[in-house]
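One structure is given here, and the rest of the page talks about it.
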Amino acid sequence: KGSFSIYNQTDSVMPLLLSGANATFAGTINLSSNKGVVWPGGSIRAEGNTLKLVATTLIDLQQNTQVQGTLTTTGNATFAGTGTFEGGGNTLTLKKGTGTPALAFAGTATDPQASALIEGIAGGGLKIYTSNGGTIGTPGWSPKLTIAAGGNATFAGDVNITNSKLQITAAAPE
């Protein structure tokens, strides 16, 4: 086992040390735009101001990895585990390219039974659905409650009250 190094006598810096199968660089490695570090099954490269990670199966961000700024995907994104959204204002915003944005609740990954759906109504309001026993792919949503932008609520079925009281107060006549 030996080593090879390049030593700069002018400023007493060893910019490169090769020891066994390892290489140690004392400074920055500069690559031309869109030229990367490549290995079997993946690569990493910078293209302008964009960092591109490529892998044949998985890109694994290790624990305590922080992504700052905006994380944007152009395809589907799946997250395992729990998620926490923190911030001011609109903490979580759902946008859809076409149609109305909605949030669906499903069973486990192995049994993606559809449970409920909360859908935004154009112009304001919400519509809440439950499933007729389908899966997320074919949910069979059935509307149960609509809350209009003005505050009116419409129930699809009966409203039952047990062991409580319902008080309906009319507005004062004008």
Would you confirm, using the coordinates I've provided, whether Ile128 is of a type in the set (Val, Ile, Thr), open to solvent by 50 Å² or more (accessible area, probe 1.4 Å) and closer than 16 Å to Pro101 by Cβ?
yes
How do the pairs read when you match residues in the range 5-18 that are of a type outside the set (A, V, I, L, M) with residues anywhere that are open to solvent by less than 80 Å² (accessible area, probe 1.4 Å) and not in a strand (DSSP E or B), using Cβ under 7 Å and keeping only pairs 6 or more apart or on different chains?
Pro15/Ala26; Pro15/Gly27
When the range 1-23 is checked residue by residue, the ones that are of a type outside the set (Gly, Ala, Ser), open to solvent by 100 Å² or more (accessible area, probe 1.4 Å) and not in a strand (DSSP E or B) are Lys1, Gln9, Thr10
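Any residue that is under 30 Å from Ile44 (Cα atoms), without any contact (Cβ under 8 Å) to a residue 24 or more places away in the chain and not charged (D, E, K, R) - is there at least one of those in the range 113-120? Steps first, please.
Taking the range 113-120 first, the residues under 30 Å from Ile44 (Cα atoms) are none.
No, the range 113-120 contains no residue that is under 30 Å from Ile44 (Cα atoms), without any contact (Cβ under 8 Å) to a residue 24 or more places away in the chain and not charged (D, E, K, R).
Taking strands (runs of 3 or more DSSP E) that fall entirely within the range 110-174, which contain at least 2 residues that are of a type outside the set (Asp, Glu) and out of contact with any Phe, Trp or Tyr (no Cβ under 9 Å at 6 or more places or on another chain)?
Details: elements: 114-120, 125-131, 141-148, 153-155.
So the answer is 125-131, 141-148, 153-155.
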Hey, Ile136 open to solvent by less than 80 Å² (accessible area, probe 1.4 Å), of a type outside the set (S, T, N, Q), under 30 Å from Leu61 (Cα atoms) and in contact (Cβ under 8 Å) with a residue 12 or more places away in the chain or not
yes
So if I check each of Gly81, Gly75, which one is more than 24 Å from Leu126 (Cβ to Cβ), at pLDDT below 75 and under 14 Å from the mean Cα position of the chain (by Cα)?
Gly81
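Among Thr70, Thr28, which is the only one that is over 30 Å from Ala106 (Cα atoms) and part of a loop (DSSP other than H, G, I, E, B)? Show your work before the answer.
Working: Thr70 fails: over 30 Å from Ala106 (Cα atoms).
Being over 30 Å from Ala106 (Cα atoms) and part of a loop (DSSP other than H, G, I, E, B) holds for just one of Thr70, Thr28, which is Thr28.
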Does any residue in the range 53-77 that is surrounded by 10 or more Cβ atoms within 10 Å (Cβ to Cβ) come within less than 7 Å, Cβ to Cβ, of a residue that is assigned to a loop (DSSP other than H, G, I, E, B) and of a type in the set (Val, Ile, Thr) six or more places away or on a different chain, and which pairs are these?
Leu53/Ile59
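For the range 93-103, does any single residue satisfy the condition of being in contact (Cβ under 8 Å) with a residue 24 or more places away in the chain and assigned to a loop (DSSP other than H, G, I, E, B)?
yes
Does Thr82 satisfy the condition of being open to solvent by 100 Å² or more (accessible area, probe 1.4 Å), under 30 Å from Gly140 (Cα atoms) and β-branched (Val, Ile, Thr)? Even if it seems obvious, please write down each step before you answer.
Working: open to solvent by 100 Å² or more (accessible area, probe 1.4 Å): yes; under 30 Å from Gly140 (Cα atoms): yes; β-branched (Val, Ile, Thr): yes.
Considered against the rule, which asks whether it is open to solvent by 100 Å² or more (accessible area, probe 1.4 Å), under 30 Å from Gly140 (Cα atoms) and β-branched (Val, Ile, Thr), Thr82 comes out as yes.
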How many residues does the range 37-51 contain that are of a type in the set (Lys, Arg) and either in contact (Cβ under 8 Å) with a residue 40 or more places away in the chain or within 27 Å of Glu86 (Cα to Cα) (or both)?
0
Looking at the range 85-115, which of the residues that are touching a Leu at 6+ places or on another chain (Cβ under 9 Å) and open to solvent by less than 60 Å² (accessible area, probe 1.4 Å) is modelled with the lowest pLDDT?
Pro101
Does Leu31 satisfy the condition of being over 30 Å from Leu92 (Cα atoms), of a type in the set (A, V, I, L, M, F, W, C) and at pLDDT below 80?
yes
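The values are calculated or read from the model by the stated rules, or taken from the named source; none is laboratory data. Because the structure is predicted, anything quoted here is derived from the model rather than measured. Don't worry about glycine lacking a Cβ; one is built from the backbone with ideal geometry, like all the others, and counts go over all protein chains shown. Quick note on the areas: whole protein, heavy atoms, side chains included, nothing else; ligands and nucleic acids left out. Shrake-Rupley method; radii C 1.70, N 1.55, O 1.52, S 1.80 Å.
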